[in-house]
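First the structure, in the form of structure tokens, and then the observations on it.
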Amino acid sequence: MKIKLYGVRGSCPTPVGNEEYRENLKNVLDLAYSEWKTNPGKFSVDNFLESRPSYYSTLVGGNTTCVSVTSKTGDQVVIDCGTGMRAFGNDLLKEGFLKEKKDINILITHTHWDHIQGWPFFKLAYIPGIKINFYSCIENLKERLERQQHPENFPLAFSVMASEKNFHLQKVMESFKIGSLEITPFYLTHPGTCIGYKITEDGKTFLFCTDVEFSESNIGYLNEIKPLLKGAKLIIMDAQYNADEARAKIGWGHTSVEYAVRSAEMIEAEILALTHHEPDNRDATIYKNYTDSLNFVAKESQLKVVIAKEGMIFDL
């Protein structure tokens, strides 16, 4: 299966401001100028960017949570409808999705606004003949989506969207299949209840665990569900806070980078992608939190930690 990240920011969309953009541009130009002065005849912009850490040439991204999963048979599954869903829909249109007219399958973790606010901007939802299946553990999911598009909140009602929309209620810890993907929902610790998803194909497991709050007081819950999660190839997990922020925001429903690492190690995951980035954090702060997270990886651990960034692709 192929996993692509369309939204990795937490809580609210966060476009890069002019001040941050100018600061990043100045840093890159200063470094490039210094390198060019050293050896102007051999300087290459492409080589310069390739030789630098990725934060010099890429952005973490400001769209809220949306992740696509494509099975080996081409089935499309998308997790959550944050603002990244607009770009996901645009990609499907560019790729000729209207010629194939396959079903679009959406898994919903919960309906806090940052996880559904991109739905009204999903272009395919307005096209007749498109079939969209919603899967969740939320009994009144349709009603919640309709409320988001009440005339006081949005100019077009949910009922105006011309696609065919079907709602499938799932049970926690009971697996179901979409094509060749086996999907199991499980509870996460988050205000108002949130669902994580285990997705398996050909013996490779992907875990999506946002939003979730793990700390010393409740990390034991992982031991209860460890048999379900153990040995995942990839876990994309909430790591919104550093240690100080996590202590100041107990009960807010998000995890520190330290406990994200500890959680991934407990379930013996191979790759941990830190996601749901704090909207107040610039990219430089997110990279610092990532660097700090490496200090929490046990010496004997084989865990690889990466920063979840828009456009990132994992091929399992």
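Every number here is computed from the coordinates shown, using simple stated rules; none is lab data. Everything quoted here is computed from the prediction, not taken from an experiment. Virtual Cβ from ideal backbone geometry, glycine too; neighbours counted across all protein chains shown.
For the reader, a short list of remarks on this structure follows.
- Label zone (R22, point 7 Å along Cα-to-C-beta; backbone nitrogen cut-off 14 Å) within segment 35-66: none.
- The antiparallel fraction among DSSP beta bridges confined to the chain stands at about 45%.
- Spacing of the two label points (7 Å from each Cα toward its C-beta) at S163 and F121, in nm: 1.6
- With the convex hull drawn around the C-alpha atoms of the chain, the volume per residue stands at 161 Å³.
- Vicinal HN-Hα couplings computed from phi for segment 90-102 (Karplus, 6.51 cos²θ - 1.76 cosθ + 1.60; Hz; Gly/Pro x): 4, 5, 4, 5, 5, 7, x, 4, 5, 6, 7, 6, 6
- Area projected by the alpha carbon convex hull of segment 203-309, averaged over all directions, nm²: 6.5
- Calculated mean residue ellipticity at 222 nm for the chain: -8000 deg cm²/dmol, from DSSP H runs with n ≥ 4 weighted as -39500 (n - 2.57), summed, divided by the residue count and rounded to 500.
- Among the listed pairs K142/K226; K204/K226; K102/K226; K165/K204; K26/K304; K165/K249, those with a Cα-Cα distance over 27 Å are K142/K226; K102/K226; K165/K204; K26/K304; K165/K249.
- Estimated at 0.36 nm per residue, the fully extended path between S175 and N133 surpasses their Cα-Cα distance by 13.5 nm.
- Estimated at 0.36 nm per residue, the fully extended path between Y56 and K299 surpasses their Cα-Cα distance by 84.6 nm.
- Ranked packing of 223-235, 105-117, most packed first, by mean Cβ within 10 Å: 105-117, 223-235
- Scanning residues 5 or more positions from F167 or on other chains, those with amide H under 5 Å from its amide H are F134, with H placed 1.01 Å from N in the peptide plane.
- The modelled label-to-label distance between V45 and K230, using points 7 Å beyond Cα along the C-beta direction, is 5.3 nm.
- Segment 161-219: GluC sites (Glu not before Pro) in DSSP coil with no more than 16 other Cβ atoms inside 10 Å: E174, E216
- Spatial offset of segment 112-180 relative to segment 12-30 amounts to 35 Å, using the alpha carbon center of each.
- Sparse-neighbourhood loop sites, trypsin sites (Lys or Arg not before Pro) in segment 4-105 - DSSP loop, at most 13 other Cβ within 10 angstrom: K72, K101
- GNM flexibility winner over the chain from P40, P185, P128 (Cα, springs under 10 Å): P40
- Peptides 10-18, 55-63 ranked from most to least packed, by the mean per-residue count of other Cβ atoms within 10 Å: 55-63, 10-18.
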